[in-house]
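Notes follow once the structure below has been shown.
The values are calculated or read from the model by the stated rules, or taken from the named source; none is laboratory data. From a predicted model like this one, the values you see are computed outputs, not experimental measurements. Glycine gets a Cβ as well: all are built from the backbone with ideal geometry, and neighbour counts include every protein chain shown.
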Amino acid sequence: MAQINLLPWRDERRQELKKEFLTVIAFVLAFGVALVLLGDRIVNSQIDEQKARNKYLTEHIAVLDKQVAEIRDIQKKRNQLLDRMKVIQELQGNRPIIVRILDQLVRTVPDGVFYTKLLTRDKAITISGIAESNNRVSSLMRRLDASDWLADPNLDAVRAAPNYGDQATTFNLTVKVQLPTSGAQGGEG
């Protein structure tokens, strides 16, 4: 047995093992490349899917933003209409009050007193006029103070007006508007 030469067999065997090894490496390398490509495709498909979702959400957010803007516009218009309605209701509610106040101003004027100018601001009326005498102005103030609709007459200025008579005066006074109690409102009419 000593004569058997195993070197060529070992070389062949080594060559076969080397081929098997290279085949396995090539297979593993091909499998690795296939896995990387498969992973790349999966990740790219997930990225594309997420981009599609983002695009869908962006489009719907834009639609919702338009709807929100429309809702805000409608709410603004609604608030403007409510403000207008409130002003109209206040005007309609104050209409009889204005009539009553003017009626009271006419009823409280004593003989010998003439109004030349009426000016209203907030809840105060400024009255300018001419009186035959200072007594007539005092009588006017007492009547204004006794009125249910007017209160706190305050005489601002009294000046002699000789071109209207010997004792004639011009006057400026301010009186506040006050709403009477419900019993006083029902009593007049």
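Structure data summary
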quantity	calculated
Some residue of region 158-180 being under 26 Å from Ile98 (Cα atoms), free of Cβ contacts under 8 Å to residues at least 40 places away in the same chain and touching a helix residue (DSSP H, G or I) at 6+ places or on another chain (Cβ under 9 Å)	yes
Output for region 120-140, where each listed residue is within 48 Å of the chain's Cα centre (by Cα), crowded, with 19+ Cβ neighbours inside 10 Å and free of Cβ contacts under 8 Å to residues at least 40 places away in the same chain	Leu140
Test for Val106: is it under 16 Å from Val177 (Cα atoms) and not acidic (Asp, Glu)	yes
Filter result for Lys51 (loosely packed, with under 10 Cβ neighbours inside 10 Å and not aliphatic (A, V, I, L, M))	no
Given (1) within 17 Å of Leu150 (Cα to Cα); (2) part of a helix (DSSP H, G or I); (3) among the aromatic types (Phe, Trp, Tyr), index of the condition Tyr115 fails	(2)
Residue satisfying all of: in region 5-36; in a helix (DSSP H, G or I) and exposed (fewer than 10 other Cβ atoms within 10 Å of the Cβ); modelled with the lowest pLDDT among these	Leu7
Test: residue in region 50-73 that is of a type in the set (A, V, I, L, M), within 30 Å of Ile127 (Cα to Cα) and out of contact with any Gly (no Cβ under 6 Å at 6 or more places or on another chain)	no
Subset of region 135-166 (residues that are in contact with a strand residue (DSSP E or B) (Cβ under 6 Å, 6 or more places away or on another chain) and not in a strand (DSSP E or B))	Arg136, Val137, Leu140, Met141, Leu144, Asp145, Ala161, Tyr164
Residue within region 59-79 that is closer than 30 Å to Val177 by Cβ, without any contact (Cβ under 8 Å) to a residue 12 or more places away in the chain and within 24 Å of the chain's Cα centre (by Cα) present	yes
Failed criterion for Val158 (all others in (1) exposed (fewer than 14 other Cβ atoms within 10 Å of the Cβ); (2) more than 17 Å from Gln104 (Cα to Cα) hold)	(1)
